[in-house]
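Input: a single structure, listed below in structure tokens.
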Amino acid sequence: MEYDVVVVGGGPGGLSTAIRIKQCAAEEGRDVSVVVLEKGSEPGAHILSGAIMDPNALTELFADWKERGAPLKQPVTDEAYVFLSKESSVRVPNMLLPPFAHNRGNYVISLGALTKWLAEQAESLGVEIFPGFAAAEVLYNEHGAVMGVATGNQGIGKDGKPNEHFQLGMELHAKYTIFAEGARGHLGKQLIARYELAAGRDPQSFGIGVKELWEIDPARHKPGFVMHTAGWPMDSATYGGSFLYHLDENRVAVGFVTGLGYTNPYLSPFEEFQRWKTHPRIRHYFENDKGEITAKRLSYGARAINASGINALPKFIFPGGAMVGCEAGFLNVSRIKGSHAAIKTGMLAGEAAYAAVAAGRQHDELTEYPQAFEKSWLCAELHKDRNFKNWFAHGLAVGTLMNGFEQLVLRGRIPWTLRRKKPDHAYLKPASACQPIDYPRPDGKLTFDRLSSVFISNTNHEENQPTHLTLKNPDVPVNVNLMTYAGPEARYCPAGVYEFVDADVQGGKRLQINAQNCVHCKTCDIKDPTQNIVWVTPEGGGGPNYSGM
């Protein structure tokens with residue numbers, strides 16, 4: 001199949017790319033063919049975010065987004081930044097918060113709902129969208145330029161042989177291919193390595209965000225109120241924080257982000273999140289006046305997020321294509337926002353791709369895209385907050401004070417740049433050098449286990465297919481990870497995919513991979529200390545099917 005532009009990933013970045021190409025073509029009376037491949041069962045099915053959205057980029061894409069019915073319904077009405085200790089809390093006066101921490105003018109949204117709306121706008125402009133089709137392979141021409149992608153075969157059994165449902169994957173060729181897979185995209189990872197796009201840049205860092213959607217007592221609901229916390233249950237040396245956002249209809253979105261540069265292999269991001277909900281300041285929103293938990297958990301999910309900033313941005317163009325949004329790492333970690341950056345970079349890439357196609361070009365570098373980015377408000381925003389994450393490598397107190405100094409005193413005019421030298425997996429220490437963490441058992445009312453959580457993520461995979469969680473060396477999980485790091489796979493995965501079970505050998509263990517539980521968060525691909533786990537795409541349509549997330 002031949003197209004002018006193929007977009008891999010139907011999230012905000014990919015859809016904005018496709019929309020902007022079609023808008024530019026319509027303005028000049030041209031016909032440019034664009035297709036979007038989305039591995040989820042429908043647009044939005046795999047989308048997970050907090051989310052508070054700055055509507056600035058959306059306004060650039062559609063000035064009339066309100067009239068078009070975009071699902072930005074709940075403006076932020078009040079906000080709080082709170083430091084937690086085990087039993088108490090301290091709210092920071094809003095006047096002392098740096099500019100990036102303020103959210104007036106923003107909206108509390110479901111990013112999945114916005115993604116569905118963007119897909120509708122794209123289709124109305126003539127964009128073709130193929131949900132349930134996972135791009136499994138990058139295609140290259142004889143000159144080494146990207147010339148498209150191939151989707152994965154359907155109906156392959158665990159033995160690697162076709163079954164009665166077999167369907168051969170498609171090749172989609174394009175003049176330009178835009179990659180918008182989100183954080184740690186498996187094709188983007190290959191492109192970065194092949195074209196050495198990260199040369200001279202800081203290693204990328206990530207966090208794992210675990211989120212739940214709840215319906216709470218109307219008496220405890222404050223539409224538009226947003227709260228962020230730092231401190232407990234994390235120790236001061238571990239990067240992390242939480243959010244609690246009041247949407248409409250008595251719903252709250254709660255979540256916890258753990259920086260994946262943590263050192264203690266006994267740490268479990270999932271259980272840190274569950275423990276955080278028991279803090280009196282947080283528990284209050286889930287209970288009634290008698291202290292009984294009356295709120296109802298509606299949905300659950302998890303996703304890795306970028307946390308490195310502009311210092312770790314790879315070169316995001318290459319012969320025949322480009323990367324947009326979290327695929328490259330455009331999320332602003334200081335603001336905990338990436339949707340506006342995904343839309344903006346999608347627009348910039350779309351404009352560059354359209355101009356190239358209109359000029360009769362193909363398979364070269366879209367140099368206009370990084371040039372436009374460097375002149376954009378997004379580049380200025382990311383540059384001003386470039387040191388945010390790296391200050392927290394010196395602890396919570398230093399990170400808080402220095403970010404306040406840079407933004408409130410220096411007003412973002414910072415004469416220095418902090419650098420990061422190691423990727424996240426390299427920070428993990430041997431278990432012998434760390435203290436085990438005793439997490440409380442879930443109560444099934446406020447706190448839960450992994451399996452009951454995965455159940456309400458609506459995750460599903462065809463079970464009779466090769467595992468999409470591959471091991472370079474099958475002996476490493478037991479001989480290295482279990483022996484040296486106490487088997488961190490079983491703790492960093494928020495979906496119960498990895499567990500060490502008794503082997504046939506007396507007293508031995510083996511790693512069991514429950515791939516059907518995978519919510520596609522990519523944490524294992526990032527945090528595995530030996531980089532032995534490689535996440536590849538399963539059959540299209542598999543994975544979570546988030547609702548309202």
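The values are calculated or read from the model by the stated rules, or taken from the named source; none is laboratory data. Quick caveat, the model's predicted, so the values are computed rather than measured. Virtual Cβ from ideal backbone geometry, glycine too; neighbours counted across all protein chains shown.
I'd like the residue in segment 111-146 that is within 30 Å of residue 68 (Cα to Cα) and without any contact (Cβ under 8 Å) to a residue 24 or more places away in the chain and, out of all such residues, is nearest to the chain's Cα centre (by Cα). This residue is 120.
Any chance segment 147-157 includes a residue that's under 19 Å from the mean Cα position of the chain (by Cα) and modelled with pLDDT of 95 or more? No, the conditions are met nowhere in segment 147-157.
Which pairs turn up if I take residues in segment 212-229 that are on the phi > 0 side of the Ramachandran plot and at pLDDT 95 or above and look for partners that are crowded, with 18+ Cβ neighbours inside 10 Å and not basic (Lys, Arg) with beta carbon separation below 8 Å, at least 6 apart in sequence or on another chain? These pairs meet every condition: 224/74; 224/76; 224/108; 224/246. Scanning segment 162-201 for residues that are of a type in the set (A, V, I, L, M, F, W, C) and either loosely packed, with under 14 Cβ neighbours inside 10 Å or in the same structural domain as residue 454 (by the TED database) (or both) yields 166, 168, 193, 199.
Matching residues to (1) surrounded by 22 or more Cβ atoms within 10 Å (Cβ to Cβ); (2) not in a loop (DSSP other than H, G, I, E, B):
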{"site": "223", "(1), (2)": "no, no"}
{"site": "229", "(1), (2)": "yes, yes"}
{"site": "235", "(1), (2)": "no, no"}
{"site": "249", "(1), (2)": "no, no"}
{"site": "261", "(1), (2)": "yes, no"}
{"site": "270", "(1), (2)": "yes, yes"}
{"site": "274", "(1), (2)": "yes, yes"}
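To keep it simple, each residue is scored yes or no on (1) of a type in the set (D, E, K, R); (2) surrounded by fewer than 19 Cβ atoms within 10 Å (Cβ to Cβ); (3) on the phi > 0 side of the Ramachandran plot.
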residue	(1), (2), (3)
68	yes, yes, no
88	no, yes, no
92	no, yes, no
100	no, no, no
106	no, no, no
111	no, no, no
118	no, no, no
136	no, no, no
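If you go through segment 354-409 and pick out every residue that is surrounded by 15 or more Cβ atoms within 10 Å (Cβ to Cβ), at pLDDT below 95 and β-branched (Val, Ile, Thr), you end up with 1.
Scan segment 237-246 for residues that are in a loop (DSSP other than H, G, I, E, B) and surrounded by 20 or more Cβ atoms within 10 Å (Cβ to Cβ) and report the count. Total meeting the criteria: 1.
Between 310, 336, 343, the distinction of being surrounded by fewer than 24 Cβ atoms within 10 Å (Cβ to Cβ) and touching a helix residue (DSSP H, G or I) at 6+ places or on another chain (Cβ under 6 Å) belongs to 310 only. In segment 287-299, the residue that is surrounded by the fewest Cβ atoms within 10 Å (Cβ to Cβ) out of those that are over 26 Å from the mean Cα position of the chain (by Cα) and of a type outside the set (A, V, I, L, M) is 290. Here is the figure for segment 510-536: residues that are touching a Gly at 6+ places or on another chain (Cβ under 8 Å), surrounded by fewer than 21 Cβ atoms within 10 Å (Cβ to Cβ) and either of a type in the set (Lys, Arg) or closer than 21 Å to residue 190 by Cα (or both) total 0. The set of residues in segment 108-135 being among the β-branched types (Val, Ile, Thr) and closer than 13 Å to residue 43 by Cβ consists of 115, 127, 129. Please work out if residue 192 is more than 20 Å from residue 51 (Cβ to Cβ), assigned to a strand (DSSP E or B) and under 21 Å from the mean Cα position of the chain (by Cα). So residue 192 does not fit the description; no.
The set of residues in segment 17-44 that are among the hydrophobic types (A, V, I, L, M, F, W, C) and surrounded by fewer than 24 Cβ atoms within 10 Å (Cβ to Cβ) comprises 24, 25, 26, 32, 35.
Within segment 47-65, the set of residues being within 28 Å of residue 258 (Cα to Cα) and assigned to a helix (DSSP H, G or I) comprises 56, 57.
For beta carbons closer than 7 Å, sequence separation of 6+ or different chains, a first residue in segment 4-19 that is over 17 Å from residue 357 (Cα atoms) and at pLDDT 95 or above and a second that is surrounded by fewer than 24 Cβ atoms within 10 Å (Cβ to Cβ) and among the β-branched types (Val, Ile, Thr), the qualifying pairs are 10/129. Restricting 532, 514, 479 to residues that are without any contact (Cβ under 8 Å) to a residue 12 or more places away in the chain and over 19 Å from the mean Cα position of the chain (by Cα) narrows the list to 479. Which number in (1) assigned to a loop (DSSP other than H, G, I, E, B); (2) among the polar types (S, T, N, Q); (3) surrounded by fewer than 19 Cβ atoms within 10 Å (Cβ to Cβ) marks the one condition that residue 204 misses? Of the numbered conditions (1) assigned to a loop (DSSP other than H, G, I, E, B); (2) among the polar types (S, T, N, Q); (3) surrounded by fewer than 19 Cβ atoms within 10 Å (Cβ to Cβ), the odd one out for residue 204 is (3). Whether any residue in segment 87-109 is farther than 24 Å from residue 332 by Cβ, out of contact with any Ser or Thr (no Cβ under 7 Å at 6 or more places or on another chain) and not hydroxyl-bearing (Ser, Thr, Tyr) is what I want to check. The answer is yes, given that some residue of segment 87-109 is farther than 24 Å from residue 332 by Cβ, out of contact with any Ser or Thr (no Cβ under 7 Å at 6 or more places or on another chain) and not hydroxyl-bearing (Ser, Thr, Tyr). Residues in segment 316-333 that are part of a strand (DSSP E or B) and more than 17 Å from residue 174 (Cβ to Cβ): 332 only.
For every residue, the table says whether it meets (1) assigned to a helix (DSSP H, G or I); (2) at pLDDT below 95.
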{"site": "426", "(1), (2)": "yes, no"}
{"site": "429", "(1), (2)": "no, no"}
{"site": "432", "(1), (2)": "yes, no"}
{"site": "435", "(1), (2)": "no, no"}
{"site": "440", "(1), (2)": "no, no"}
{"site": "453", "(1), (2)": "yes, no"}
{"site": "462", "(1), (2)": "no, yes"}
{"site": "466", "(1), (2)": "no, yes"}
